[in-house]
Amino acid sequence: MKAVRFHEFGGPEVLKYEDVPEPQTRKDQVLIKVEACALNHLDLWIRKGLPGVKLPHINGSDVAGDIAEVGEYISDLKVGQRVLLAPMTFCGHCQACTSGQQSLCRQFSVLGYLNDGGNCEYITVPRVNVIPIPDELTYDEAASVPLVFLTAWHMLVTRAQIKPGQFVLVLGAGSGVGSAAIQIGKLFNCRVITTAGDESKLERGRELGADYTIHHYQQKISEEVKKITAKAGVDVVFEHVGKATWDESLKSLKAGGTLVSCGATTGPDVSMDLRFFYSRQLSLLGSFMGTMGDLLEVLKFVFNGRLKPVVDKTYPMREARAAHERMEKREQFGKVVLNP
Ligand SMILES: [Zn+2]
């Protein structure tokens, strides 16, 4: 089969479209014919080199496609069903997994990180990862959902426990997680403020439901937040940008507010005045992906149309390099998708 692999870490030029052996389906696995696989920033980091990644490697965490083969131990799926894949791997039998907290499992990882992912024609996965999708959802849309909606749901609903009427500041409307978080904030009747670096992305943020927008190159985020919230600050900041926005994120919080973070796209080293942290009684929450329960919960709202996948652009899989370059330049709004 064809796959996009890399044999060394580096820039987008290390991605090779080449022939690789088709995977063998074990009796407890399902073989998926990949129709769409969305990119994440994780793909760029893995390509540049992350610990534990074995070379050559096939990226790809967000997969949608058809069931091509069902292992003989599995009786409730059929060849030909349209599905998306839960973008995670976990042991399935430890205390964290059996209590529904898969993201706390010691073996928890993202699909396509420590194992090969979906930038190829066929992939095998355990039964638990396979989730049938409704006919109305295209493969490109379905592939644009799992990782970002799971991550945003776990951050806002499970970790920060957003409530109706709260002010939520969502950084980066144009990112996959940002476009999911705006919609989830509105689903919970929060007042959503979002940021972006150009006017067209701000407009699209408003189309997704954001009540207020901030141009983060032309305006100072915390000052605009103060104006919008009558000096109070926001209840929740949705962070994934890291170094470039950290100070502004903290300054935007109201007393007793919560910052929840799932990433550090612009860098991991930040500092904080502890006197400000404790006297303002702030809560800082870390969040990493989410659980199977979170995923099945958020998918209900995707499948009934209340939450909408945001597809930026699709590329044939052989043009993976161009897709990576689009992500590197932050040109996208929503998800960049590869089609085998
Ligand atoms: Zn486990």
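Observations
- Screening segment 201-302 for strands (runs of 3 or more DSSP E) wholly inside it with 3 or more residues that are farther than 24 Å from TRP153 by Cβ and more than 22 Å from the chain's Cα centre (by Cα) returns no ranges.
- Residue identified as touching a residue at least 40 places away in the same chain (Cβ under 8 Å) and open to solvent by 60 Å² or more (accessible area, probe 1.4 Å) among LYS226, LYS254: LYS254
- Unmet requirement for ARG47, which otherwise passes all of (1) among the basic types (Lys, Arg); (2) open to solvent by less than 20 Å² (accessible area, probe 1.4 Å); (3) within 16 Å of the ligand (Cβ to nearest atom): (3)
- Qualifying residue in segment 317-339 (condition: part of a loop (DSSP other than H, G, I, E, B), over 19 Å from ALA173 (Cβ atoms) and open to solvent by 50 Å² or more (accessible area, probe 1.4 Å)): no
Yes/no matrix, rows are residues, columns are (1) under 30 Å from ARG326 (Cβ atoms); (2) touching a Leu at 6+ places or on another chain (Cβ under 7 Å); (3) modelled with pLDDT of 95 or more:
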| position | (1), (2), (3) |
| --- | --- |
| ALA38 | yes, no, yes |
| LEU44 | yes, no, yes |
| PRO51 | yes, no, no |
| ALA64 | yes, yes, yes |
| ALA68 | yes, yes, yes |
| PHE90 | no, no, yes |
| CYS94 | no, no, yes |
| THR98 | no, no, yes |
| GLY112 | yes, no, yes |
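- Verdict on GLY11 being touching a helix residue (DSSP H, G or I) at 6+ places or on another chain (Cβ under 9 Å) and more than 16 Å from the ligand (Cβ to nearest atom): yes
- Segment 116-158: number of residues that are surrounded by fewer than 21 Cβ atoms within 10 Å (Cβ to Cβ), within 29 Å of ILE214 (Cα to Cα) and not hydroxyl-bearing (Ser, Thr, Tyr): 1
- Extreme residue, farthest from the chain's Cα centre (by Cα), among residues of segment 86-108 that are in contact (Cβ under 8 Å) with a residue 12 or more places away in the chain, open to solvent by 70 Å² or more (accessible area, probe 1.4 Å) and more than 6 Å from the ligand (Cβ to nearest atom): ARG106
- Qualifying residue in segment 63-72 (condition: part of a helix (DSSP H, G or I) and either under 19 Å from ASN115 (Cα atoms) or open to solvent by less than 20 Å² (accessible area, probe 1.4 Å) (or both)): no
The values are calculated or read from the model by the stated rules, or taken from the named source; none is laboratory data. Please read all numbers here as calculations on a predicted model, not as lab measurements. Every residue, glycine as well, gets a Cβ built from its backbone with ideal geometry; the counts of neighbours run over all protein chains shown. Accessible surface areas use protein heavy atoms only, side chains included; no ligands, DNA or RNA. Shrake-Rupley method; radii C 1.70, N 1.55, O 1.52, S 1.80 Å.
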